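Since the structure comes first, as C-alpha cells, the remarks are kept for the end.
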Amino acid sequence: MSRGRTARARVAHEPRRRTSGVAPPHRPVDDAPAWAVTMPVVGRDRVRVALFLVAVWAVLFAPQLFSREVFTAGDARVFRPFSEFSRDRWLATHQRTFWNPYVYAGIPGAPSLADSRPQYLPDAVLDLYERVRPSRVIPLAAPLLAHLAGMLAMAALVRRVWGASRAGMAFAGAVWGLMPELVAPFSDGHDAQFVSASLIPVLLLAIHQLFAVRTAYLALAATSFAALGALFVLTGHPQLVVYGAGFGAVFALERAWNSQRLSRLAWLCAAALLAVGLSAPVWLPALLYSGASFRGGDGAPGITPAEVSRFSYAWRDLLTLIWPWAVGFGESTYWGGLAGSDHPSYVGSAVFLLAISASVRRGAAVTRLMLIGFIVFGVLGSLGTTLGPAGLALRDLVPFGERFRSQMLWMVVAQAAMVLLAARAFAPPPDPPGIPRAAWLLGPLRVAIGLALIGPLAGDYAHAMLEARPGDSPALALLVARAAGLDLIVRSVITTSVVLLLWTARSRSPRAPLAQLGLIAAAMIGLGSVSLPILLRDRGPITRIEAAPEPMLASLGAREPAMRVFSTRRVPSVPGAPIRSARDVEFYSNDWIRWRAHALGGNHGALPAIWRPMGQETRSFGALRALGIGYVSADSGAHWSADHFEEVHRDPQEVVYRVRGALGRAYAASAVRQLPEDRDVLAAMMAQDFDPARVAFTTDERLAGEYPGSADCRIAWAADDPDRVALDVEAHDRAFVVLADTWFAGWSARLDGAPVPIARVNQLARGVVVPAGRHRLEMTYEPSGWRAGLESGAIAFVLLIVAALAATFVALRGRRAQSAAPSAP
C-alpha cells in the first residue's frame, strides 16, 4: 500500500473531533476547481440551507399558509365531500363510514381511497386526531408539510449521496419544491398524488441512512424506515407508491453495493415487511377493491389499452421537459398526446444541462448508471401505449401495473432521479463537471427556432396542432405557435445563462461560488415561471369549493331518502365554470353528498366494474324505476311525456318531474328470471315492457322462480345509514325483496338475526328471498380485507414499538461505550 493511501486510511479511522460550530480550515487543492473546496458544510450551513428552503416553500404557498386559501380547480371539489361527510358522522355519532350512499346507487368510499381520514386508528386516537389535525388551522396543512419534508429530504439526500456543497443542497431542495409535476396536480385537487411525490426523497433518505449508519444504530435506522415506509403507503397515491417503492428498491441495491454492506439488505427487507404490515388497513382493502373495479378486476384483464393511451405521453410531449409551450401550455391550448393537460412536464434548462453534465463526470459509476437507467425507464414508461407493444410490456413489468392507467406518472419518479443526478454538479471532484462544447450553441439555436415559429414556421406548427385537435380554429393555432416561439426565445436566455454559469463554476475563477448561486437562481426562475402562475391561478377561499346552491331536485331527494334522484340538466357542476366536457354537468357533481340526496350521478375515479355497462340504462323508463329513481330534473325548456313523468316543479333554471309508479329504493318483485349473461340482463332492462315490480333479472339460476308474496308485500324502512340498512318486511307468502342500492362484496344480510345470502339482480341491485310472515331484514357493510388489515396493523405496531425500544437501548449503549473508549493518539 502506498504511503498516501495509508495516510488516508489512518485519517478515515480517526474519531471526529467536535468543534464549536466553526468550520475547519480548508486548504485549496491544486487540481480541483475553486468552488469544490471553498464550500464546507457544517451545522450552521445545514441550518441556513433549511431556512432557505423553508422560505422558498413559504413564498410558494403563502396564500395557503397565511390566508387559509385552498386550491379550487379540477378535482378539488370532487374529493372533499365524502371526507367531510365521513368526518361529520364520526364527530356526531362516533361511527366510521365506509360506504358512500349518495352517488350512483352507492359505492365503496373508504376502500376506494375516496376518504383520506385515518379511520384505522383506535377510537380514542381518532378522536385526538380530529382535535389536533393540522387542517383545523391551515386547510391544506398536511400535504404542505409533506412537501416541505420532501424538499428538506432532497437537500439532505444529495449531501449524503454526492457530498454536495450547501449550494448543491439548496439547489436540489428548491428545484424539487418548484417542480411543476408536483405542484400542478396539487393545485388540481390531487392531494394524495402530491403527498406521494413529495415523500419520495424522504423514503430514499431513510434507505440511505440504513446503509450508512454505524452498526450500533442499524436497528434504529431500520425501525425508522419501517415507520416512514408505512406513512408513505398510508397517505399516498397507489400508483406513485408502487413506482416510488420500485425506485427505492433499485436505490437500495445501489447503496448496498457502494457501501459493501450487502447483509443490510436483510434488515431493509425486514423493515419493509414491517411497513407493509403497518399499512395493511389501507392497502389491503384498496387492493381487494381494485380487483372489483373497472380499473383491473372482476374478470377483466386490467385497464384497456384505449384507456391507457389517454394518459400516455406522445413523443412530442417530451419536448416540454425543456420547452413549456412545445405542445401548447395546457387546457384549451394543449395538443399533446394526453386526453388533456393543464401543465407541462417541465424540469428546466438548468436541471437538464446539469444532469447531462453530471452524467459524463468520472466516478460514482454505479450510482450514475442507476440514476440514468431509472430516468430512461421512467421516461419510456410515461410514453405508455405510444411505444406500442413495448409500452404494454413495460407496464406489465411493474407490480399491479395492469391496473394503472396514468402512465404519465412515471415522469414524477424520472424527475426525482434527474434532480438527484443534476445535484452532482455541486459535488467535489474526482473531476469537475463537464460541459460539452455544443452546449454553447443551445441558446442561439433556441432563439433561431423561436424566431422561425413566430415567422415562417408558424403555419407548420399550427397545422400540426390542428391535426392533433381538428376542432380548434386556425387563428388559435397560429396564436399558440407564436406564443410557443416567444416562450422559446425567452427560455434561450436562461439556457445561455446556465451554460455560462456552469462554465464559470467548473473554472478556477474566484467567481465560481457566485456561479453556483446563479445556477440556483436560474433553475428557480425557470421552474417558478411555470409553477407560480398555476398556483396563483387555481387558488381561492374554501367557500369556492363548498356546495353549490341546492337545486329543487336535491331538496326533494333529501326530503324523501327512500327515493333516488336523477339530473339530466346541462348546468355546470361548478357554479360559474364553463362546461368543457360531459363530465362537467350537474349529473357528475359530488355535491349530492353535501345535499344528502341519494343521486344516480356523481364523480368517482374507479367505479365498481358492474357499473361500467350501465350508461344506456337511464334511457329506459323501466330501468329508471328499477334503480329506485323517484324524481328527475331537466332544463327549463324541457317537456317530457306526461304518461311517465308528472311535473312537480318548474322555474327558469329547472323542471322537476316525479316518476309515475316510482318504486323507490326498496320494493318487491313477483318473479325472478335467470338470463345467461349480464349483457342479456341489460338488454332485458331496456325493453319497453320491463316492469321491475313484476320481474327482476339475474344470472343466478338458483333465484329463478315465482314469488307470490311480493304482490302485496309491505316494506317499511327501519334504518338507512351508510353502512347499515334495515327493512321491516311483511308478506303472506314467499317474497323477493329488491334494494336498489349497489351490490358489492362486503355487504352481508341477516333476516331476523340469521345470515341470508344477497343476490345480484338487475345488473347491480341487491335481492334477498324473504319467507312468509313479518321479518326484519338487515344489511351491513364492512370492506373486504378491513378486519384482516386492522389485525395485521395492530400486530405490526406492537412489533414496531418493541423494535424501537430495543433499537434505542442498543444505540444508547453503543454511544456510552464509544464515549468511554480512550481516544486514539
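The values are calculated or read from the model by the stated rules, or taken from the named source; none is laboratory data. Keep in mind it's a predicted model, so treat the numbers as computed, not measured. When we count neighbours, we look across all protein chains shown, and the Cβ atoms used for this are built from the backbone with ideal geometry, even at glycine. Protein only, heavy atoms only, side chains kept; ligands, DNA and RNA dropped before computing areas. Shrake-Rupley method; radii C 1.70, N 1.55, O 1.52, S 1.80 Å.
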Those residues of region 629-647 which are part of a strand (DSSP E or B) and touching a residue at least 24 places away in the same chain (Cβ under 8 Å), in sequence order
Ile629, Gly630, Tyr631, Val632, Ser633, Ala634
Whether any residue in region 106-114 is outside any loop (DSSP other than H, G, I, E, B) and crowded, with 24+ Cβ neighbours inside 10 Å is what I want to check.
yes
Where the second residue is surrounded by fewer than 21 Cβ atoms within 10 Å (Cβ to Cβ) and of a type in the set (Ser, Thr, Tyr) and the first is without any contact (Cβ under 8 Å) to a residue 12 or more places away in the chain and lies in region 133-153, which pairs have Cβ atoms under 9 Å and are six or more apart or on separate chains?
Ala141/Ser135
Quick check: is even one residue across region 76-99 open to solvent by 20 Å² or more (accessible area, probe 1.4 Å), more than 26 Å from Trp283 (Cα to Cα) and among the basic types (Lys, Arg)?
no
Give Gly297, Gly248, Gly277 a once-over and let me know the one that is under 20 Å from Arg395 (Cα atoms) and modelled with pLDDT of 95 or more.
Gly248
Selected residue (only one of Gln239, Gln260 is in contact (Cβ under 8 Å) with a residue 40 or more places away in the chain and polar (S, T, N, Q))
Gln239
Being surrounded by 19 or more Cβ atoms within 10 Å (Cβ to Cβ) and closer than 15 Å to Ala358 by Cα is the filter here; which residues of region 480-503 pass it?
Val498, Val499, Leu501, Leu502
Tell me which residues, restricted to region 321-350, are open to solvent by less than 10 Å² (accessible area, probe 1.4 Å), modelled with pLDDT of 90 or more and not in a loop (DSSP other than H, G, I, E, B).
Ala326, Gly328, Gly348
Looking at region 270-291, which of its residues are open to solvent by 20 Å² or more (accessible area, probe 1.4 Å) and of a type outside the set (A, V, I, L, M, F, W, C)?
Ser290, Gly291
Which numbered condition Leu514 fails, given (1) touching a helix residue (DSSP H, G or I) at 6+ places or on another chain (Cβ under 7 Å); (2) in a helix (DSSP H, G or I); (3) open to solvent by 40 Å² or more (accessible area, probe 1.4 Å); (4) at pLDDT below 90
(1)
In the set Ala711, Ala683, Ala745, the lone residue that is touching a Leu at 6+ places or on another chain (Cβ under 8 Å) and of a type outside the set (Val, Ile, Thr) is Ala745
Of all residues making up region 84-107, the number that are out of contact with any helix residue (DSSP H, G or I) (no Cβ under 9 Å at 6 or more places or on another chain), free of Cβ contacts under 8 Å to residues at least 60 places away in the same chain and either of a type in the set (D, E, K, R) or closer than 25 Å to Leu764 by Cα (or both):
2
Considering every residue within region 608-626, establish whether at least one is crowded, with 23+ Cβ neighbours inside 10 Å and either closer than 22 Å to Ser86 by Cβ or within 27 Å of the chain's Cα centre (by Cα) (or both).
yes
In region 645-685, the residues that are open to solvent by 10 Å² or more (accessible area, probe 1.4 Å), within 22 Å of Gln616 (Cα to Cα) and under 38 Å from the mean Cα position of the chain (by Cα):
Glu677, Asp678, Arg679, Asp680, Leu682, Ala683
For the structure I just gave you, tell me whether Phe400 is modelled with pLDDT under 90, open to solvent by less than 20 Å² (accessible area, probe 1.4 Å), among the aromatic types (Phe, Trp, Tyr) and touching a Ser or Thr at 6+ places or on another chain (Cβ under 9 Å).
no
